[in-house]
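The values are calculated or read from the model by the stated rules, or taken from the named source; none is laboratory data. Keep in mind the model is a prediction, meaning the values are calculated, not measured. All Cβ positions, glycine included, derive from the backbone under ideal geometry; neighbour counts span all protein chains shown.
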Amino acid sequence: MSMFPRRIKFSLRLSLVGAGFLCLPNLSRAETLQSVYTDLVPKSCKYLEGSKESDSSVQLCSGIAGYHLLHLEGDLRESITVKDPQGKEYPLEYWSTIAGGFSYLGDKAEWRVEKSGAKIVPKALIVRVNVSENSEKPDVKTSYLAVAKIVPGKACVIAKIPPGPNMNQLARDAADSAAEKPCLGDTSAK
């Protein structure tokens with residue numbers, strides 16, 4: 001005969017099972033987001049307009065799920081404008097949200113997306129922005145990751161991730177919770 005009655009044994013097992021579930025990682029929506037990459041290099045984008053006098057150009061780069069990216073260059077600075085499937089444009093203005101110095105973008109855009117079957121919904125965008133911050137040493141660049149949220153009716157930069165050993169993961173973490181974050185420089189509501 002057991003030293004514990006049947007009812008106590010059942011309660012004890014149930015408590016242990018419940019405790020096991022508490023130890024499982026939090027499987028939140030952020031963990032379901034995945035990365036999809038698109039090119040930002042000129043040979044992969046379509047030239048739309050430009051001016052040799054002002055050394056400026058606008059190129060249309062591929063995106064995902066009906067979104068496109070406008071790669072803007074002017075006065076030795078580069079930025080992105082997100083163009084949604086309806087054609088509405090959302091300037092990310094890296095020259096003011098990330099840094100004002102001379103800059104150029106990385107070769108890829110990382111889209112953080114939610115997948116539901118064959119449907120892909122972009123939630124955030126991560127782009128490397130290389131900036132010359134020291135006018136006395138213009139060849140020295142600081143590489144930031146610009147994180148922008150993409151929500152219905154809005155896209156804006158929500159984080160500027162500085163260089164560091166885990167900057168890619170920090171950028172993804174910021175991207176995966178971007179919807180709740182305010183836009184950089186925006187004092188109004190999200």
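If you scan segment 177-190, which residues turn out to be surrounded by fewer than 20 Cβ atoms within 10 Å (Cβ to Cβ), touching a residue at least 40 places away in the same chain (Cβ under 8 Å) and outside any loop (DSSP other than H, G, I, E, B)?
Matches in segment 177-190: Ala179 only.
Listed here are the residues, each with its yes/no results for (1) assigned to a loop (DSSP other than H, G, I, E, B); (2) under 23 Å from the mean Cα position of the chain (by Cα); (3) modelled with pLDDT of 95 or more.
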site	(1), (2), (3)
Asn26	yes, yes, no
Ala30	no, yes, no
Ser35	no, yes, yes
Gly50	no, no, no
Leu60	no, yes, yes
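So is Ala174 assigned to a strand (DSSP E or B), touching a strand residue (DSSP E or B) at 6+ places or on another chain (Cβ under 8 Å), modelled with pLDDT of 95 or more and surrounded by 16 or more Cβ atoms within 10 Å (Cβ to Cβ) or not?
Values: assigned to a strand (DSSP E or B): no; touching a strand residue (DSSP E or B) at 6+ places or on another chain (Cβ under 8 Å): yes; modelled with pLDDT of 95 or more: yes; surrounded by 16 or more Cβ atoms within 10 Å (Cβ to Cβ): yes.
Against the criterion (assigned to a strand (DSSP E or B), touching a strand residue (DSSP E or B) at 6+ places or on another chain (Cβ under 8 Å), modelled with pLDDT of 95 or more and surrounded by 16 or more Cβ atoms within 10 Å (Cβ to Cβ)), Ala174 does not qualify.
Quick check, is Ser143 small (Gly, Ala, Ser), exposed (fewer than 15 other Cβ atoms within 10 Å of the Cβ) and not in a strand (DSSP E or B)?
no
State all residues of segment 93-110 that are within 24 Å of Gln34 (Cβ to Cβ) and buried (at least 19 other Cβ atoms within 10 Å of the Cβ); if no residue qualifies, say none.
Taking segment 93-110 as the starting set, the residues that turn out to be within 24 Å of Gln34 (Cβ to Cβ) are 105-110.
Result: Leu105, Ala109, Glu110.
Hey, any hits in segment 93-103 for a residue that's of a type outside the set (A, V, I, L, M, F, W, C), touching a Leu at 6+ places or on another chain (Cβ under 8 Å) and part of a strand (DSSP E or B)?
yes
For the structure I just gave you, tell me whether Ile120 is over 20 Å from Ser79 (Cβ atoms) and touching a residue at least 12 places away in the same chain (Cβ under 8 Å).
Judged against the criteria, Ile120 is a match.
Does Ile158 satisfy the criteria of being within 18 Å of Thr81 (Cβ to Cβ) and either at pLDDT 95 or above or part of a strand (DSSP E or B) (or both)?
Numbers: within 18 Å of Thr81 (Cβ to Cβ): yes; either at pLDDT 95 or above or part of a strand (DSSP E or B) (or both): yes.
In short, yes.
Only residues that are surrounded by fewer than 22 Cβ atoms within 10 Å (Cβ to Cβ) and either among the acidic types (Asp, Glu) or assigned to a loop (DSSP other than H, G, I, E, B) (or both): list them for segment 83-92, please.
Across segment 83-92, the qualifying residues are Asp84, Pro85, Gln86, Gly87, Lys88, Glu89.
Across segment 123-138, what is the total count of residues that are free of Cβ contacts under 8 Å to residues at least 40 places away in the same chain and within 21 Å of Val41 (Cβ to Cβ)?
Total satisfying the criteria: 4.
Which pairs turn up if I take residues in segment 86-102 that are under 17 Å from Val147 (Cα atoms) and look for partners that are of a type outside the set (Lys, Arg) and assigned to a loop (DSSP other than H, G, I, E, B) with beta carbon separation below 6 Å, at least 6 apart in sequence or on another chain?
Filtered contacts from segment 86-102: Thr97/Leu184.
Listed here are the residues, each with its yes/no results for (1) of a type in the set (Asp, Glu); (2) surrounded by fewer than 16 Cβ atoms within 10 Å (Cβ to Cβ); (3) at pLDDT below 95; (4) assigned to a strand (DSSP E or B).
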residue: Ser54; (1), (2), (3), (4): no, yes, yes, no
residue: Leu70; (1), (2), (3), (4): no, no, no, yes
residue: Glu78; (1), (2), (3), (4): yes, no, no, yes
residue: Thr81; (1), (2), (3), (4): no, no, no, yes
residue: Arg112; (1), (2), (3), (4): no, no, no, yes
residue: Lys115; (1), (2), (3), (4): no, yes, yes, yes
residue: Ala124; (1), (2), (3), (4): no, no, no, yes
residue: Asn130; (1), (2), (3), (4): no, no, no, yes
residue: Ala148; (1), (2), (3), (4): no, no, no, yes
